[in-house]
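Worksheet for the structure shown next.
The values are calculated or read from the model by the stated rules, or taken from the named source; none is laboratory data. Computed from a predicted model, the values in this text were never measured in an experiment. Cβ placement follows ideal geometry from the backbone for every residue including glycine, while neighbour counts extend to all protein chains displayed. Quick note on the areas: whole protein, heavy atoms, side chains included, nothing else; ligands and nucleic acids left out. Shrake-Rupley method; radii C 1.70, N 1.55, O 1.52, S 1.80 Å.
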Amino acid sequence: MAERDIAPSTAAPLRDAGAPQDRATDRRRLPLYGAGEIDVPFVVQSSVETIPGDTFWEVHSHPTHELLWNERGASSAAIGGRVWTITATAALWVPAGTPHSGRAPAGIRHRAAHFAFDAVPSISDVPVAVELTTLLRLLLDRLEAERLSPGARARTEAVVLDLLVPARHELTLRIPDSPMLAPIAAAVRDDPSDATTLAVWASRLGVSTRTITRTFRSETGLGFSRWVAAARMQQAAAMLARGDRLDEVAERVGYHSASSFGAAFRRSTGMSPGRFRAQ
């Protein structure tokens, strides 16, 4: 099967992964395959691409399982109402046959590995984050060696599969569907430092604070404050991945000090902003 048939999908972290409005964005189309619909002559096959310009992948699916990550920069993928941020350490596992779309900003160094549906059981029935440890990254790199013997490849693949487990923390955000919540979601995602309170939003929208909170929990699993915090952390991760200064990131996502931002980021991701940026 041609490589383009199982090409990876990524998306920009700061915007929804819907169709791009900018005509300069490169649009890519790939087929919608069912899980295992096409036999592939490998157990694990990886690819690498430096994204030349802002790129959007329309909704598609692969016959293989897919692991997405970046050597540098951040991207995201949109799957079933969720937007997932992908970085050098926060990888994403997409089970075979799962429709997804995405967007990648120019300049990121994107990586993907495809896993044969018949040879590799999925680590999850749904998309999940995977912590891309140094060991896992090195083993995936080793599989790209041209002169790797069949025996060495099989042993390396076995260890890779053993290390693939869902992460404890996920950089993901469910976007609410309700038209009532759309202005809130758009405001926070456009400007994560937006400090509009729940009471002010209720007044603007002509509803009670209780209605907003109940609808947020129903559609996203989070209340208003927790959803805003999650949206901020997702965008902060993208800024850190591209090398922005810690104090600048803290201010841009609505925190008055680097220490308070660091505590919030650690609660969300399990690591400090400095460690996240360094990996």
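Worth a mention:
- In region 165-232, the portion of solvent-accessible area held by carbon and sulfur atoms comes to 50 percent [1.4 Å probe, whole percent, DNA, RNA and ligands not counted].
- From the alpha carbon centroid of region 264-279 to that of region 116-140 is 22 Å.
- Computed from Cα positions, the angle between helix 150-163 and the longest principal axis of the chain comes to roughly 20 degrees.
- Percent breakdown of C-alpha pair distances by 10 Å bin, ordered from the shortest bin, for region 219-262: 30, 51, 18, 2
- Calculated P(r) of region 87-159 - Cα pairs past 19 Å, %: 45 percent
- The residues of the chain present an accessible area of 47 Å² per residue when probed at 1.4 Å with all protein chains retained.
- Relative protection proxy for 65-72, 249-256, from highest mean packing down: 65-72, 249-256 (other beta-carbon atoms within 10 angstrom).
- Estimated Rh, region 145-211: Kirkwood, alpha-carbon pairs, angstrom: 16.5 Å
- Average projection, convex hull of the Cα set of region 59-212: 11.4 square nanometres.
- Dividing the alpha-carbon radius of gyration of region 177-279 by the rule-of-thumb value 2.2 N^0.38 Å gives 1.13.
- Here's the picture: charge each Lys and Arg Cβ at +1 and each Asp and Glu Cβ at -1 in region 133-181, and of Ala145, Ala167, Met180 the one pushed furthest to the positive end of that dipole is Ala145.
- All-pairs alpha carbon distance profile, the chain, 5 Å steps from 0, percent: 1, 6, 12, 16, 17, 16, 13, 9, 5, 3, 1, 0, 0, 0
- The orientation-averaged shadow of the Cα convex hull for region 39-102, equal to a quarter of the hull surface, comes to 4.8 nm².
- Considering only the chain, percent of DSSP beta bridges that pair antiparallel, nearest 5: 90 percent
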